[in-house]
Amino acid sequence: MKEELSFFHHFVSVLKKLFEKFDISPNLVDKVDSWLFVLALILISILFSWILRLLIKFLLPRIFKKTKSRVIKQLLKHRVFLKLIYLFPPVIILPFLPLAYQDYPKFISVTERICWIYFIVSTAIYINYLLGVIFNLFYEGERGKNIPLHGVMQLIKGIVFTLALIVVISIIINKSPFNLITGLGAFAAVLMLIFKDTILGLVAGVQLMQNDIARKGDWITTDNEKINGIIEDITLNTVKVRNYDNTILTIPPYLLISSTLQNWRAMQESGGRRILVTFIIEAGSIISLSDEQLKEWERVELLSGYIAQKRMERDGKRDFSSVNNNRVYGTIDTNLGLFRAYLQLYINSLPAINKSMLSMIRLLEPTDNGIPIQIYCFSLVTEWKGYEAVRSEITEHIFSASKMFGLRVFQNASGYHYLSEAYITVGKNMPG
């Protein structure tokens, strides 16, 4: 302390000599010596920071010139080390303040508070900037793309700023931060009421991230028909969705938690998208097949081997139970049974169908309109446009193939049917 005081007195004496050269009264130095000393401290701290900044700017790129580390390169690119310099001025000023205001303890306390507030705020800003750089580093990696880091970083940044605010307030009112936190408990109910949406969004955002319910880039749909698109961003307060009509929906995260959310990510990752086509066959078009008719159908490439196998099963020359699960289910007794087998063979022959996933043709419970038949399989193409092309191809083939088997697909009568019936009634043919 004696060395510091001697330094202060030496500084004042230098000022007095300097003032004498300019014909300024030395007594003026005694009045403003403390202010001049603080000003000198500020200038010295700025000068020291500037020199340190130049050294870092000059040396670090040369030290890490040959480094292959992506992290170091990004830290240098975003000037993370240079921004650390802004924390040094109060660190340099604080130890010397008692020398400047040794006769004014209250003024020392106020100045120290200002320096500490500057240091706390600068540290919080720097930490959040560093977190942003770290977020970008993780997000650019392969693993980071599958993790909703944006919301996590927002949560951490919010905690840092909240703690900084509490410490700053405690410095201003000269109370312990722990006492301030304890006092805030009395206002918890009021704070929860004011920040209800923020708190709900915070909890829902954490649930979305922790349970991996949704990620950026996921295709989601909900009970609300307005939401059907790709997630563009997830934060603690909002989820941004671009619908397929190119409209943007911004919704709070808790709406996704409280409602039924359908995420299509698993479908895209599995490599198979379900195709489900159901149509009704009129019961009156179902007929039994004779041996002569079966011989005609044996000429069809897809059905020749199948009909031969079914004949062997019917004649007891082949054990049904010894056939594996990949067999084609159908019959050769009716045109509907043969049609089912044909559809299964047709589905199996399509290159766009995922053969490792379940595919089947099944009959549903008969209705007043006929017998429903359902095609269940998975397309290798999960992209929307390609998927719809595969699904449409299968649907079109079903309607055209049903006529080959003499089956009629049910549909409600239209004006065309009534007009046809009227022409038949009067004994005329329908025009063109």
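Some notes on this structure:
- Only a single criterion out of (1) at pLDDT 85 or above; (2) not in a helix (DSSP H, G or I) is not satisfied by Met267, namely (2).
- Residues of segment 338-359 that are under 14 Å from Ile398 (Cα atoms) and touching a residue at least 24 places away in the same chain (Cβ under 8 Å): Leu338, Phe339, Arg340, Ala341, Tyr342, Leu343, Leu345, Tyr346, Ile347, Leu350.
- Residue ID - surrounded by the fewest Cβ atoms within 10 Å (Cβ to Cβ), chosen from residues in segment 201-250 that are in contact (Cβ under 8 Å) with a residue 60 or more places away in the chain and in a strand (DSSP E or B): Asp233
- Failed criterion for Gly183 (all others in (1) modelled with pLDDT of 70 or more; (2) of a type outside the set (Lys, Arg); (3) over 23 Å from Thr238 (Cα atoms) hold): (1)
- Each residue in segment 389-405 was checked for being closer than 17 Å to Phe339 by Cα, among the hydrophobic types (A, V, I, L, M, F, W, C) and assigned to a helix (DSSP H, G or I), and 5 of them qualify.
- The number of residues in segment 271-287 being exposed (fewer than 13 other Cβ atoms within 10 Å of the Cβ) and either under 29 Å from the mean Cα position of the chain (by Cα) or under 25 Å from Ile220 (Cβ atoms) (or both) comes to 1.
For (1) of a type in the set (Asp, Glu); (2) outside any strand (DSSP E or B); (3) at pLDDT below 80, each residue gets a yes or a no:
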| site | (1), (2), (3) |
| --- | --- |
| Arg318 | no, yes, yes |
| Ser321 | no, yes, yes |
| Phe339 | no, yes, no |
| Ser356 | no, yes, no |
| Glu365 | yes, yes, no |
| Thr382 | no, yes, no |
| Tyr387 | no, yes, no |
| Glu421 | yes, yes, yes |
| Ile424 | no, yes, yes |
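The values are calculated or read from the model by the stated rules, or taken from the named source; none is laboratory data. All values derive from a computational prediction rather than experimental measurement. Glycine also receives a Cβ, built like all others from the backbone with ideal geometry; neighbour counts cover every protein chain displayed.
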